[in-house]
Every structure is written in C-alpha cells, then in structure tokens.
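Structure, as structure tokens:
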Amino acid sequence: MAMNVQPVATLDNEINEIRMATAAIINEQILPHEAALWGVRTSGSSDKDAIAEAKERREGVQAAVKRANLWAPHLPKEFGGMGLGFMQHAYMNEVLSYSPGAASLFGVVAPNSGNQKILVKYGSPEQQEKWLAPLIEGTMQSGFSMTEPDNAGSDPRSIKTAAVLDGDEWVINGHKWFTSNGHAADFYIVMCKTSEADENGESNTRMTQIIVPKDTPGVKVVRGVPVWGKASSHCEIIYENVRVPKENQLGRTGSGHQAAQDRLGAGRVYHCMNSIGSMWRAFDLMVGRLQTREVHGGEKLADKQFMQGFVADSYIDIQSARLMTIHCAEKMETGADPRTDISAIKVYVPAAYHRVVDRAIQVFGAAGVSGDLPLAGMYEGARTLRIADGPDEVHKILIAKLVMRRYETADSWDFGN
Ligand SMILES: Cc1cc2nc3c(=O)[nH]c(=O)nc-3n(C[C@H](O)[C@H](O)[C@H](O)COP(=O)(O)OP(=O)(O)OC[C@H]3O[C@@H](n4cnc5c(N)ncnc54)[C@H](O)[C@@H]3O)c2cc1C
C-alpha cells in the first residue's frame, strides 16, 4: 500500500512540495523494493552477489534523492544539505519514516547525523574539514559516547569519564557503553567531565565533548552489547589514558552539557515525527490486513468488533500524538518555552507508537512477529524509545516540576498557548 500524502491546506507550498516529492520516492522507489533493498541484511545472508545488488539498489535510490534535492534534510546548504527550516524538517520526517531505513537513503543515519549537527554548530573550521567533511561524504563513520554502565545515563551530569589537561593534550579515562555504531566508527565524540562542580553545586558547565579517533592508543572496544537478543553495534568502550590534542575538544571547555541539550531538544521533535511516520505505516498495514483476512464463518477481520476497536484506538493514538508534536514544534518555532511540551511528547509519542504497533502485530498473528513485515523491528524501536533520550519517568518529573512552578509563580496553566 502506498503512503497517501496530499497537500495540507494550512502548510505553505514549499513544505507541501517537499512532502509530496519525498512521498513520491518512498512510494515508487522504496516501498515496492524494501526486501531487495534491505532483505539481505535482515536475513543474515552472506550471498555476495545479493549483497552487492542490494548496495547498488540503495545507491540508485540515493542518487534519485540527490537529483530531487532531498538529500540531508538535517544539514545547512553550505554543508551539502537541504537547508531546511525547523518545521519543514519536522514535516518531512513523518513522510520519510514511513519506510524503516529510508532515512539512510536520504542521508540521515544516526548517530552520524547528530554528530554532523554538533560539528556544524560547535566545530572549528579545522575540525569541520578534518571530521565533518568526510562524515558527510560517507568516507568516515562516527559514534557518540556518553552513557556509562556504572552511572545513571538519565542524568548525564553523573558521568565519571574524566579528561584532564596535560600540556596541550587531553588525557581521557572512563568506561562507556551503548555507543551506537561503535564498530564502524572512525571516531567518537566522547562526553567527558573536565572539572568538578563549583561551590554552588553548578554542574552543567563541567563537561566537554572531545573528538577521539578510534585508533588512538588506549581506546578499547570491548564488545557490541547485544540488544533485543541480537548482536549489535551499540558498543561498550574503555578509554584508558587516551591522549588527544587539546584542539580535539568541541566548542569551549565546559560546553558539553549544552551541546548535548542542543542535540536532544529539536531532535526530540524530529524523533517523534519519525515515530508518527512509522505509526502511519503500521496503521495502513493493519487496516489492509483487516480488509483481506477471512476468519471463522467466512467473515473478514474488519467485520469483527474487537478489530474495529483496534482501528479506532490506533486512529486516536496517531492523531493525538501527531497534533501534540506539531503543537510543540510550533511553540519552539515561535520562541515560547517548549520544555513541558518536549517532555510531554517524549513520553506520549513512543507509548502511542508502542500501542499502535502492538495492535498491528496482534492483527497479523504470527506474521506480525516475523521478519517479513517491518512491525517486529518497529515494536523493538518503540519500546527502546521509552528509555533512550531520557526515560519516561525523568520527563514526567520535569513536566510536573515545570507545571507546579508555573502555579507557584503565575496564575495557572494556559492550555491555549
Ligand atoms: C538502542 C540504544 C542505543 C543507544 N545509543 C546511545 C548512544 O549512541 N550514545 C550514548 O551515549 N547512549 C546511548 N544509549 C543510552 C541511552 O541514552 C540511555 O540508556 C538512557 O539515557 C538511560 O540511561 P541508563 O540506561 O543509564 O538508565 P538509568 O539512568 O539507569 O535509568 C534506568 C531507569 O531508572 C528510572 N529512573 C532514572 N532516573 C529516575 C529518576 N530521577 N526518577 C525516577 N526514576 C528514574 C527510569 O525508569 C529509567 O528507565 C542508547 C540506548 C539504547 C537502548
């Protein structure tokens, strides 16, 4: 089933054109060939011809994306991207996420894309030439190394990995894990503690992000941590007396926490729009199945009230998740304080995504958990999202804190704004 994307009356022409052009590539060049584009990966096949053919196919789609000027929506034009505004990017994401993996064919591959944005904002011209340019060209890979096995990742200020200046070098010692893309990466952006909290307990300015090439002595990639029972490239890494030049630090000393916030803030809106694109696909698959599958008594699944309930509940989940996310994005765009809304969508959208995919899997029966459909992968992704980028509970605490503070200092909450 093709994704049904029509112009939205309230959006400007440019956004509508981007959405329509993205949907055309998704519908014509990706959806009909999903198995051929990625099947060899999911089947674990080592057939060299099939692997080469799939790679060639992916490169063909990437060339079409570039011809359509849809390459790298997250990057400014001067770095080879589309130079999109925030809302344009958000609205494009829900379309390109309809097919899992399609983002990579549009030049968006985590964690490289997040690292690219950090290097655009915080990198010096020399760092941009040395690390960003090859990352954009695809001749280098990267990882973002913040979370640690022995400290709560939900509070990044708790990290213990320390960098100490010795002459004109940083000396880094620490233990990280879940550094995604860790095996393939040529360099890591490592979050390090570079000073102690000051006497007022201020700890947001004591961290610095430092570029560490993987082949630096003392960098030990211990393993890819298995995720959902499968081998993964989310790596455990030990940094032992790792020495890198001082000029490898990103931005000024102490700006690491702010850089991490920059990465996550707008990123959460983009991730939610991605989840909405995936929910949209799961919904289409589910309804398609309901209309064709015959069950006991020769009736279609669509005729069963249990199943009709799934349709209604999923419709409500998708619409509410989408409108909440767009409301949050609009608030950010107008410069209003979006923190409560960012946390609200970070909790609500992955949970809605989880429910929608769960129902779709139930409708498909065994096929739902098979590798023949994208649903099983979506299910794992939705569950994981409730932990990554700040677990649910931490965001709920923040929502409550911000709301209470408003009631203490002003009248009450204005839900109209
Ligand atoms: C697939 C995947 C990929 C990832 N990729 C990366 C990556 O590339 N780079 C990177 O650095 N990290 C990465 N992470 C790590 C991720 O960012 C962390 O898992 C996340 O920040 C949570 O940290 P934690 O796992 O240490 O959980 P903890 O901080 O130990 O929290 C565990 C649980 O405790 C509860 N909790 C925590 N704090 C509170 C509180 N204040 N009040 C009440 N309850 C609380 C919550 O239920 C939470 O889920 C990845 C994780 C996954 C699963």
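Readers should treat all values here as calculations from the given coordinates under stated rules, not as data from a laboratory. Computed from a predicted model, the values in this text were never measured in an experiment. No Cβ is skipped: glycine too gets one built from the backbone with ideal geometry, and neighbour counts run over all protein chains shown.
Points to keep in mind about this one:
- Local electrostatic count, K331, Cβ distance below 11 Å [Lys/Arg +1, Asp/Glu -1]: -3
- Eigenvalues of the alpha-carbon gyration tensor of segment 331-386, scaled by 5 and square-rooted, set the equivalent ellipsoid semi-axes at 31, 9, 8 angstrom, largest first.
- Taking 0.36 nm per residue of separation and subtracting the current Cα-Cα distance, fully stretching the chain between S46 and A110 would add 20.6 nm.
- Principal axis extents of the C-alpha atoms in the chain (largest first, rounded to whole Å): 78, 66, 42.
- Whole-angstrom gap from segment 73-140 to segment 370-391, using each part's C-alpha centre: 23 Å
- Residues in segment 92-128 that a label on T384 would reach, taking backbone N under 18 Å of a point 7 Å out along Cα→Cβ: 97-105, 108-115
- Computed over neighbours whose Cβ is under 11 Å from that of P111, the net charge equals +2, Lys and Arg +1, Asp and Glu -1.
- Relative contact order of segment 180-302, taken over Cα pairs closer than 8 Å and 6 or more residues apart, is 22 percent.
- FRET efficiency estimate (nearest 0.05) - Cβ-Cβ, E59 to S195, R0 51 angstrom: 0.65
- Inter-label distance, nm, simple model (7 Å from Cα along the C-beta direction), D313/A35: 3.1 nm
- A simple spin-label model places the labels of I397 and T409 2.0 nm from each other, with each point 7 Å out along Cα-to-Cβ.
- Across every pair of non-identical alpha carbons in segment 258-409, the mean reciprocal distance, once inverted, gives a Kirkwood radius of 16.7 Å.
- Whole-number percent relative contact order across segment 258-409, with pairs defined as alpha carbons under 8 Å at least 6 apart: 27 percent
- Ratio Rg/Rh [Cα only; Rh per Kirkwood] for segment 13-108: 1.01
- Highest-first arrangement of 252-259, 115-122, where packing means the average Cβ count within 10 Å: 115-122, 252-259
- Separation of the E299 and R243 label points, Cα + 7 Å toward Cβ, nm: 7.6 nm
- Across the chain, the mean sequence separation of Cα contacts (distance under 8 Å, 6 or more residues apart), normalised by length, yields a relative contact order of 12 percent.
- Segment 142-254: C-alpha gyration tensor shape, a/c 1.5 cut-off, then a/b vs b/c: oblate
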